[in-house]
Amino acid sequence: MREFAVGLISSNYATDELGLLVKERNIATIPYAGRYRLVDFPLSNMVNSGLRTIGVITPYTYRSLIDHIGAGRNWFLDRSNGGLFILPGTIFGVSNTKARFLLRDINRNSIFMKRTPAPYVVITATSTIYNYDYNELIESHRNSGADITILTHTAYEDDENLYHAIINNERVASFQSGVKKGEEAFTDCFVINTNTLFDIINTYAAVDYLDLFEAIQNDFNRYYIRNHHFNGYCQSFFTTKQYFENSMNLLDIEVYRELFRNDRPIMTKIHGTIPTKYESGCKVTNSLVQEGSNISGVIDNSVIFRNVTVKPGAKIKNCIIMQSCVIEENTVLENAIIDRNNTIAKGSTIKGSKTSPIILEKKAEYKR
């Protein structure tokens, strides 16, 4: 479908509910599954769907995002025709801190869409992940004759950060802030006719500090907006609790296989790392351990990132240990998120709860 659409990824938004996880990074670059960042999912979905011209609207804290995606080489986007475009974001809007598609951001980068003859633009945020072929969404949109087609799924739980799509006679009648379990939730992904996008930019120029869907909220009947339902695994990352639970879900082999499919691989920045070494006497059960680590202790039901050292006598349970951490001898970690480059001193104990895990920020050496 590459001749029909370009991709646009919006990452210029923030939330305080992710706490220390976004103190020195943006939502798009939150580490996940031992070696990935959240932005890897929309980028990979677009590339796997044949899109070869993709723009990424950067947030104010853009350093970690630029460092991760670079020129797009790891997604085969370092091309002379099309490829990856790094687009500047504006100062964040003041009306709705939950906005993911700021009109001002889209308008500022409208030249990106104007330079392509593609009739459709696939637009997505970075805080909801899934593995999906956008060709299905584009084909559904093209066959329906809609102006906008949003991707929706059935909400697994109540979530005040997602929008409930109100469907009436196969049309999206409106959005309601906050979704209840079992309702139709907007995944923060949609395909829109390029001319419709420009019409919205021009029509609502006076309120360009609003989110696109907030701007047209009272004019949904002006456009033909419909939904396309997605039945696959889909999770959002707006709170620390969601991040912890979604990470633990990866230890379910069926969830992992659905997210990381061989036929639609999730691509990421490549690191040349040696395999993990499991020392004599270590014990690892129901855990995801990435390469480059040295394991001498006990790990249970945890996600271990690259280049982590777990020394003898250390006990780790229900934890997320990020890249390049050192867990010294005889430490006890339970229900904790240890951000990268931390050293947990010998004999330390850090225990949180499943509903409120303890977070240790980057490079914050912990001593008993």
> Do you know which residues across the stretch 51-69 are modelled with pLDDT of 95 or more and either small (Gly, Ala, Ser) or not assigned by TED's automatic domain parsing to the domain that holds TYR130 (or both)?
Replying inline: GLY55
>> Given the options ARG25, ARG79, name the one that is basic (Lys, Arg), under 27 Å from PRO357 (Cα atoms) and touching a residue at least 12 places away in the same chain (Cβ under 8 Å).
In response: ARG25
>> Just to confirm my filter: which strands (runs of 3 or more DSSP E) fall fully inside the stretch 272-363 and include at least 2 residues that are more than 23 Å from ASN249 (Cα to Cα) and out of contact with any helix residue (DSSP H, G or I) (no Cβ under 7 Å at 6 or more places or on another chain)?
In response: none
>> Could you tell me how many of the residues in the stretch 146-175 are aliphatic (A, V, I, L, M), under 18 Å from the mean Cα position of the chain (by Cα) and not in a strand (DSSP E or B)?
In response: 1
> Out of (1) surrounded by fewer than 17 Cβ atoms within 10 Å (Cβ to Cβ); (2) at pLDDT 95 or above, the odd one out for ASN169 is which?
Replying inline: (2)
>> Testing ILE253 on (1) more than 30 Å from SER144 (Cβ to Cβ); (2) at pLDDT 95 or above; (3) not assigned by TED's automatic domain parsing to the domain that holds ASN135, one condition comes back false. Which one is that?
In response: (3)
> So is THR58 surrounded by fewer than 17 Cβ atoms within 10 Å (Cβ to Cβ), under 15 Å from the mean Cα position of the chain (by Cα) and among the hydroxyl-bearing types (Ser, Thr, Tyr) or not?
Replying inline: no
>> Looking at PHE238, PHE213, PHE186, PHE198, can you tell me which residue is surrounded by fewer than 22 Cβ atoms within 10 Å (Cβ to Cβ) and within 23 Å of THR15 (Cα to Cα)?
In response: PHE238
> Which of the residues spanning the stretch 244-271 are touching a residue at least 12 places away in the same chain (Cβ under 8 Å), in a loop (DSSP other than H, G, I, E, B) and farther than 24 Å from SER64 by Cβ?
Replying inline: LEU251, ARG261, ARG264
>> Can you find a residue that is surrounded by fewer than 20 Cβ atoms within 10 Å (Cβ to Cβ) and under 21 Å from ASP208 (Cβ atoms) anywhere in the stretch 123-134?
In response: no
> How about the stretch 126-145: which of its residues are β-branched (Val, Ile, Thr) and either part of a helix (DSSP H, G or I) or without any contact (Cβ under 8 Å) to a residue 24 or more places away in the chain (or both)?
Replying inline: ILE138
> Which one of LEU8, LEU20, LEU51 is buried (at least 23 other Cβ atoms within 10 Å of the Cβ), in contact (Cβ under 8 Å) with a residue 12 or more places away in the chain and not in a loop (DSSP other than H, G, I, E, B)?
Replying inline: LEU8
>> I need a count of the residues in the stretch 312-344 that are in contact with a Phe, Trp or Tyr (Cβ under 6 Å, 6 or more places away or on another chain) and over 17 Å from PRO31 (Cβ atoms).
In response: 1
>> Can you tell me which condition PRO88 does not meet? The list is (1) under 20 Å from PHE41 (Cα atoms); (2) touching a strand residue (DSSP E or B) at 6+ places or on another chain (Cβ under 8 Å); (3) surrounded by fewer than 19 Cβ atoms within 10 Å (Cβ to Cβ), and all the others hold.
In response: (1)
>> So, in the stretch 176-222, exactly how many residues are among the aromatic types (Phe, Trp, Tyr) and not in a helix (DSSP H, G or I)?
In response: 4
> How many residues, within the stretch 343-368, are within 27 Å of the chain's Cα centre (by Cα) and surrounded by 19 or more Cβ atoms within 10 Å (Cβ to Cβ)?
Replying inline: 3
> From the list VAL179, VAL191, which residue is under 24 Å from THR58 (Cα atoms), in contact with a Phe, Trp or Tyr (Cβ under 7 Å, 6 or more places away or on another chain), in contact (Cβ under 8 Å) with a residue 12 or more places away in the chain and buried (at least 20 other Cβ atoms within 10 Å of the Cβ)?
Replying inline: VAL191
>> If the requirement is being in the same structural domain as SER144 (by TED's automatic domain parsing), out of contact with any Phe, Trp or Tyr (no Cβ under 8 Å at 6 or more places or on another chain) and hydroxyl-bearing (Ser, Thr, Tyr), which of these qualifies: THR309, THR240?
In response: THR240
>> Among the residues that make up the stretch 332-342, is at least one of them closer than 26 Å to TYR233 by Cβ and surrounded by fewer than 17 Cβ atoms within 10 Å (Cβ to Cβ)?
In response: no
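The values are calculated or read from the model by the stated rules, or taken from the named source; none is laboratory data. It should be emphasised that the depicted structure is a prediction, and the values quoted were computed from it without experimental measurement. As a convention, Cβ positions derive from the backbone with ideal geometry for all residues, glycine included, and neighbour counts pool all protein chains shown.
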